[in-house]
1. From the list SER65, SER17, pick out the single residue that is surrounded by 12 or more Cβ atoms within 10 Å (Cβ to Cβ), at pLDDT 95 or above, out of contact with any strand residue (DSSP E or B) (no Cβ under 6 Å at 6 or more places or on another chain) and polar (S, T, N, Q).
2. Looking at the structure I just gave you, is LEU40 touching a strand residue (DSSP E or B) at 6+ places or on another chain (Cβ under 7 Å) and either within 19 Å of ALA6 (Cα to Cα) or modelled with pLDDT under 90 (or both)?
3. Does the range 54-66 hold any residues that are free of Cβ contacts under 8 Å to residues at least 12 places away in the same chain and β-branched (Val, Ile, Thr), and which are they?
4. Taking the conditions exactly as written (assigned to a loop (DSSP other than H, G, I, E, B), touching a residue at least 24 places away in the same chain (Cβ under 8 Å) and on the phi > 0 side of the Ramachandran plot), does GLY69 satisfy them or not?
5. Counting only residues that are without any contact (Cβ under 8 Å) to a residue 24 or more places away in the chain and part of a loop (DSSP other than H, G, I, E, B), how many does the range 72-89 have?
6. Could you tell me whether any residue of the range 33-45 is among the basic types (Lys, Arg) and part of a helix (DSSP H, G or I)?
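The values are calculated or read from the model by the stated rules, or taken from the named source; none is laboratory data. Note that the coordinates shown come from a computational prediction; the quantities given were computed from them, not determined experimentally. Here the Cβ positions follow ideal geometry from the backbone for every residue, glycine too, while neighbour counts run over all protein chains shown.
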Amino acid sequence: MSHASAIPAAEAFRRLSEGNERFLKGQHTGDASEARRMELVGGQHPYAIIVTCSDSRVVPEYIFSAGIGDLFVIRTAGNTVSDCSLGSI
């Protein structure tokens with residue numbers, strides 16, 4: 001993940017909040033199109049890191065109405081962050 005594409009924390013929070021509002025209204029707008037997938041071949045530039053439980057019922061991309069490559073999701077047992085999890089960030 002490149003730091004050159006980092007956005008301010010307030011902007012990332014705004015995107016997550018607005019995405020969650022869309023999710024709550026049933027208006028998921030995440031992009032999983034072929035064009036988006038082709039963009040990601042050259043690298044990933046997610047705007048937020050999400051640490052979440054391994055529970056399959058929790059899907060951050062849906063909850064925040066995000067597309068492929070928008071979020072860097074780390075799933076852990078019990079929402080605990082180990083050295084291994086930190087190394088992924």
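1. Values: SER17 fails: surrounded by 12 or more Cβ atoms within 10 Å (Cβ to Cβ).
The unique qualifying residue is SER65.
2. No; evaluated as a whole, the condition is false for this residue.
3. The answer is VAL58, VAL59.
4. So GLY69 fits the description; yes.
5. Qualifying residue count, the range 72-89: 2.
6. Yes, the range 33-45 has at least one match.
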